[in-house]
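Student: Below you'll find the structure I mean.
What follows draws every value from the coordinates through simple rules; no lab data is involved. If you're wondering where the values come from, they're calculated on a predicted model, not measured in any experiment. Using ideal geometry, Cβ is built from the backbone for each residue, glycine included, and neighbour counts are taken over all protein chains shown.
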Amino acid sequence: MKKALITGISGQDGSYLAEYLLGLGYEVWGLVRREPATVRWLEPVVHRVEFVYGDMRDAESLAVAFQKSWPDELYNLAGQVFVPTSWECPAETMDINAGGLARLLQIVERQKPDTRVYQASTSEMFGNTDGARNEQSQLRPMSPYGVSKMAAHRLAANYRNRGIFVASGILFNHESPRRGPEMVTRKITRAAARWAMGDRKKLRLGNLHARRDWGFAGDYVKAMHAMLQNGSAKDYVIGTGISHSVEDFLHQVLVELHRISDGAEVPSVEDWVEIDPHLLRTGEIHDLRADASLAHNELAWQPNVDFPQLVRMMVKADLVSARETRGTPDNC
Ligand code: GDP
């Protein structure tokens, strides 16, 4: 039975990956900073995962977690992923995202160099270059988050040259009902659910014209696993190849809300949304779209969930939890 250690197991991607690997018969270990039972979406797997405690900034704790789990495959999904927070805490973002990988790779090289490593790289590394991005596209990050991920991405390539199997998945935005509530998709679907429950507060957003290539996280974790089963370690771009604007996302959410609520009246975007200038970003990335041809050809990877299906899944899930928590104040 293969053993996998997942850093960031309590996040969106970590939880989907844990479910996927358990389904494939893996022994799954998860690195956590605190009691995992409090993470709602880990509940179904919490008794099938071995948890080890550690922090990406603490090399000693990572070394102990590594020794305990002794993994065949290490998935590094832990990180500080929110762009605005990376401007508030740039040094911490660098330390967790780039320093964390440096600590892990040193441990792998010293203790068990045949461990295969997956590094979570990101489309935010590309910045504002034109057109669909592939593995050869220039990296011009626009935020401390993007810089930290680019540093980690380069470090992974350097360890690859030293003989460690490190594959980097350059994942474009991937969402789900488990997405962090600060990210724009989930912020919108949660607000839509509150609207359906009678809350008529305006939804405050920043730039509605920014475009992202949004896919479903559950599809993307399969690509992570496939990268580590490959003959050689490489970089792979993962995305749907189609970008939509934040405004498109809003419209699609309202279409879903109308459909799900049995034709009940829904607001127009103009009536519902208010632009908050504080939410506009310096260093905005205007359009991100993936060219995932290499992953299609070499990993036989394809996304299964399209944009309307993704939006439907998220709106539905947030409606269910809004009904459950009716009356609970929400300031997010
Ligand atoms: P990112 O692509 O990793 O930065 O993912 P986000 O979901 O945080 O942001 C996606 C896009 O939505 C960015 O271009 C943001 O500027 C834009 N956006 C517009 N309004 C908001 C908002 O209120 N919150 C967030 N998080 N993003 C917003």
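Student: Rg over Rh of the range 59-106, using C-alpha atoms and the Kirkwood radius, what does it come to? Working shown, then result.
Tutor: Details: Rg = 12.3 Å, Rh = 11.8 Å.
Radius of gyration over Kirkwood radius for the range 59-106 works out to 1.05.
Student: Using alpha carbons only, how many angstrom separate the centre of the range 93-148 from the centre of the range 273-322?
Tutor: After rounding, the separation between the Cα centres reads 20 Å.
Student: Could you grab the Rg to Rh ratio for the range 26-105? Cα atoms only, Kirkwood for Rh.
Tutor: Details: Rg = 13.5 Å, Rh = 13.7 Å.
Rounded to two decimals, Rg over Rh is 0.99.
Student: Please report, in cubic angstrom per residue, the volume enclosed by the convex hull of the alpha-carbon atoms of the chain. Walk me through the numbers before you get to the answer.
Tutor: Details: hull volume 43.6 nm³, N = 332.
Value for the chain: 131 Å³ per residue.
Student: Same structure, new question: In the chain, what is the count of Lys pairs whose alpha carbons are under 30 Å apart, counting only pairs at least 8 residues apart or on separate chains?
Tutor: Taking the chain as the scope, the lysine pair count is 28.
Student: If the viscosity is 1.567 mPa s and the temperature 4 °C, what Stokes-Einstein diffusion coefficient in µm²/s follows for the range 58-146 when Rh is the Kirkwood radius over Cα pairs? Write out the running numbers ahead of the final one.
Tutor: Details: Rh = 14.5 Å.
The Stokes-Einstein estimate is 89 µm²/s.
Student: Another question, if that's okay. Per the Debye formula with a single identical scatterer at each Cα and no solvent contribution, what log10 I(q)/I(0) holds for the range 131-200 at q = 0.15, 0.27, 0.28 Å⁻¹?
Tutor: Values returned for q = 0.15, 0.27, 0.28 Å⁻¹ are -0.71, -1.20, -1.23.
Student: Over the range 191-303, one equal point on each Cα, no solvent: what is log10 I(q)/I(0) by the Debye formula at q = 0.10, 0.15, 0.20, 0.23 Å⁻¹?
Tutor: Treating every Cα as an identical point scatterer, log10 I(q)/I(0) equals -0.45, -0.81, -1.04, -1.18.
Student: Treating the Cα atoms of the range 108-162 as identical point scatterers in vacuum, please give the log10 of the normalised Debye intensity I(q)/I(0) at q = 0.14, 0.31 Å⁻¹, two decimals.
Tutor: Debye intensities relative to I(0), on a log10 scale: -0.44, -1.26.
Student: How would you order 283-290, 261-268, 235-242, 16-23 from highest to lowest mean count of nearby Cβ atoms within 10 Å?
Tutor: Numbers: 283-290: 18.5, 261-268: 11.4, 235-242: 22.6, 16-23: 20.2.
Packing order, densest peptide first, comes out as 235-242, 16-23, 283-290, 261-268.
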